[in-house]
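Worksheet: the structure to be examined is printed underneath.
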Amino acid sequence: MNFLANPLLPGAAYTSGWLKQKNGSTSVPGNEALVSLFDPFGFGRAAFDYWRDSVERSVLYLDVMRERGNQYLEHMEQTKPSVLGFNTEVLMDGRTLPRPTNYELLRVLPHEGTEIDLKKRPFVVVDPRAGHGPGIGGFKPDSELGVALKAGHPCYFIGFLPFPEPGQTVEDVVESEIAFLRYVIELHPETTEKPMVVGNCQAGWQIMMAAALEPDVFGPILIAGAPLSYWAGEHGKAPMRYTGGMSGGSWMTALASDLGNGLFDGALLVQNFERLNPANTYWKKQYHLYDNIDTEAGRYLEFERWWGGHVVLGGEEIQYIVDNLFVGNRLSTAQLVTRDGRRIDLRNVRSPVVVFCSRGDDITPPPQALGWIRDLYEDVDDIIANEQTIVYCQHDTTGHLGIFVSGSVSRKEHAEFTANMDYIDVLPPGLYETKVTSAREGKDATLFERDYLLEFQARDFAELDSAVMHKPEDDRRFATVARISEINLGIYRLFIQPWIKAMITPESARLMRRMHPIRMGYKLLSDRNPLSVPLPVMADAIRENRHPVSQDNLFKTLETIGSDQLVAGLNAMRDLRDSNTEKMFMDIYGQPLLQAAVGLYGDAHVHRRRPGAEPEHRRFIEQRQEALREKIALGGAHEAVMRSVIYIVGGAPATDERNFKRLRASRSELEPGIKLSEFKHLVREQFFILKLDREKALASLPDLLAGQSNSDIDGHIKHLEHVFGASGELSEHAAERFTQIKALFDKARPPKAVAPAKPKAQAKPKAVKKEAKPAAKAPVANAKAEITAKPMPNAVKPAAAKPKSAKQAAAAKPETAKPTATKPAAAKSAAKAKPETPTAIKPEAAKPAAQAKPEPAKPTAIKPKAAKLAEAVKLEPTKPTAIKPEAAKPTAVPKAEPAKPAAAKLSSVKPTAATNDKASKPSTPNETENKQTPKSDSASGPDKTPKKP
């Protein structure tokens, strides 16, 4: 059907005459010069093309609005409306719990071809209940649930029904979510990792409350666009925080609940959201559909199915939220107490918390998403003392809904959060900022599984303050609002509420919800309206013969300019409204008289008091520190390597997932059975040890590596190089730390084994220095054996064998021998050499000095010119020899430059006392000239050698 061929339409004669349509534009079938004569500039043809395209777009737009109305009615008639794009099965129904709620736990069934690994960490998404229905966290493949399923995680979804249970409270909802998570943990006994929980918008503060009450059931937590600090904000932005003050507090919320017969209409929350951006609500969103009607209809209807699916909240729930959170700001200051007396303190959360926010979000700007950190902690050390890991990520442009709805955000940020949640789980306690960057090509391209890379940078509170922008004077203003809200709410409940409740019936409340302007906008354009009957017929005809206008059409260009001007005008009106609202708020609630009237003026009251630490917690920290001090020198190579990794990472400006992948892979090779929880415990323990006493922790690294061979230590160093080489070159500071670690590892290396030197058979005599004179005697007490030798005419460097114990030490009487040329290195090696067979040495007759009878040994012939006469003889006495102490007289001990006291195993050709710290202790004062104090057996026990009287 040719829509423009209708003779009743204006211009039909012109169209059916000598012009005909071809490929969306008019052409002259005959004499084009004639047409150009009447329309030399083409204005007429351009105007006709634009007019025809506008009519077609208008009909198609109205038809889409008709489909939206039908979709809304069909969606709201469902018992459990949801926009989830995946099949599910109900596992738990909150209505069956001891404290019933309208929440339920669903198992998400993957699409065909998607494989799920049950050994992976479970993934739980909690949807926000802020006026819309459930399912936004997984309403399309590129969503939070979609990326988790693609990664092979078993996924679960916590949704809700349109109406609350009678008497349902926020605390009941929190308890229901805890019960659901316990059940998820029971379903996965094969994994030790706790579920990762994602909370969008209002669900974010709900799961944070649950994690503060029951921290043991939570794994890593991701809160996306969730406000936790409601007074925070930047001047000139975030006008939503002034709403409570400009309405006089929470009494308006109580009025709306009373008009709803105890129920609060979620459409009111949606309406407040739309008022924030009137240009988008009243023109931009609809014009975008009209301008791209051929391509945007499907996406628009998909989103409107969720946006128009309004739900209802309980009056007690919304009053609790407004009084304690939006107006009172009691969550981030640990002032909330449950009905059974438990305090909700976010410092009790033990799981890593990932805060995802955006600078383009006017509902939850970064100050409101991150301000709770500033409210609870003094500095980063305070975060570490509470063993918390907090990671935040700031998007630059996306709006509030884009944080958990946008497909591009899901494919980028959410995919990286999901893939790196194990890395986040083992991060040491502290404050980090993460950024998602494009993956770089390089030698480590095999470590990139996706198109993006997640980097972590440690932050301090100075950098956090640049995002939070806390102002104490604003706290006094908002505290004034909270006091006035309490006063107004009390007055309303005393004088007005009884009259409202007496007049409202369930039917009247239901009628007001149905007649809400937002709901009427969906219902009026549907098949139930008789005027919309011809729309589908006309739309089908146009789709079969569509004539879109070109983008360079003059009138299409004017239309675009006009639309932009209209948007700019609406935005200017919004900015003027917001600036006036902010100025009025600051002027009214900043008045000293008003603040004094509610008891808040002056320094006597702290309006935003940081919650104090409990004495039990401080004692726990002290006990923990004492336990860690005892563990500094405990452990082995694994602890040493992990301590080194943490120390080096602390000197790097950033770290990313590549380091973690290599570290975890190498740990799996070293410890195949290690679990992620054990790995996390190892990382955190070594981090706290370094934090407690860095100098002592580093100094003890050689002790942890004691007993490791050179090859083992080389392997540990290569392992560290492999881990840190994944992210490229180390920074200068990190490289210095790595060098320091290498030096500490080198200290743990065992001493190099020295092979015994081979004696030279034909060594020529060589004069040596005469500095060392032979001693006549070298008496030693408590010796089991003594060998005497004649003194040599010249001092020769020793070649004594290394003793095994001090009990074998004996003083050697020098024996005359020919001088032999000996190299210092060879002599030193010979001094450590252990003889395999005894060498025959002729002992002299006993002198008054103490001596022992050696056990006879078979002599072995040696050459008289052997340089190493002193291949020590290991002699054991058969009987103890009586010793006359008075016969031993002090004798001088010769000095020699390289000489040290002789070893217990006799003996070198040089006559000296024992050379080793373990050798026998000299009994003569002259022997102390060697400046070494050998120890004898007498130091460890009584003298067992019988003495003559």
- Each label point is 7 Å from the Cα along the Cα-to-Cβ direction; what then is the distance between the points at residue 733 and residue 451, in nm? 3.4 nm
- Note on the structure: Contour minus Cα-Cα span, residue 694 to residue 587, at 0.36 nm per residue, comes to 33.4 nm
- Query: Full extension from residue 91 to residue 575: what is 0.36 nm times the residue separation minus their Cα-Cα distance, to one decimal in nm?
  - Reply: 169.5 nm
- In the structure shown, do any of 237/556; 285/435; 194/412 have a Cα-Cα gap over 28 Å, and if so which? 237/556; 285/435
- Query: Under a plain spin-label model, where a point goes 7 Å from the Cα along Cα-to-Cβ, how far apart in nm are residue 163 and residue 511?
  - Reply: 1.8 nm
- Evaluated at 4 °C and 1.567 mPa s, the Stokes-Einstein D of region 160-290 based on the Kirkwood radius over Cα pairs, in µm²/s, stands at 72 µm²/s
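Starting from the coordinates of the alpha-carbon atoms of region 615-747, obtain the Kirkwood hydrodynamic radius over all distinct pairs and give the value in Å to one decimal.
After inverting the mean inverse Cα-Cα distance, the result is 15.5 Å.
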- Query: What pairs in 119/696; 150/284; 120/742; 691/742 have C-alpha atoms more than 29 Å from each other?
  - Reply: 119/696; 150/284; 120/742
- Considering only 697, 681, 744, whose Cα is most displaced toward the positive end of the charge dipole of region 615-747, charges sitting on Cβ of Lys, Arg (+1) and Asp, Glu (-1)? 681
- Extension gain (nm, one decimal) between residue 471 and residue 58, 0.36 nm per residue minus Cα-Cα: 143.6 nm
- Item | In range of the label at residue 614: residues from region 341-382 whose backbone nitrogen is under 15 Å from the point 7 Å along Cα→Cβ | 341-350
- To the nearest 0.05, what FRET efficiency results for residue 718 and residue 463 with a Förster distance of 41 Å applied to their C-beta separation? 0.70
- Query: Say a paramagnetic label sat at a point 7 Å from the Cα of residue 286, along Cα to Cβ; which residues of region 47-73 have their backbone N under 16 Å from it?
  - Reply: 57-69
- Where labels lie 7 Å past Cα in the beta-carbon direction, separation of residue 99 and residue 247 in nm: 2.6 nm
- In whole Hz, with x marking every Gly and Pro, tabulate ³J(HN,Hα) for region 218-229 from phi via Karplus 6.51 cos²θ - 1.76 cosθ + 1.60, θ = phi - 60°. 10, x, x, 10, 10, 10, 10, x, 9, x, 10, 10
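Using the 10 angstrom Cβ neighbour count as an exposure proxy, how do 307, 372 rank, fewest first?
Working: 307 23, 372 26.
The most exposed by this proxy come first: 307, 372.
Where a number appears in this text, it was derived from the coordinates with a stated rule and is not lab data. Please read these numbers as outputs of a predicted model, since none were measured by experiment. Note that we place each Cβ from the backbone using ideal geometry, even for glycine, and neighbour counts take in every protein chain shown.
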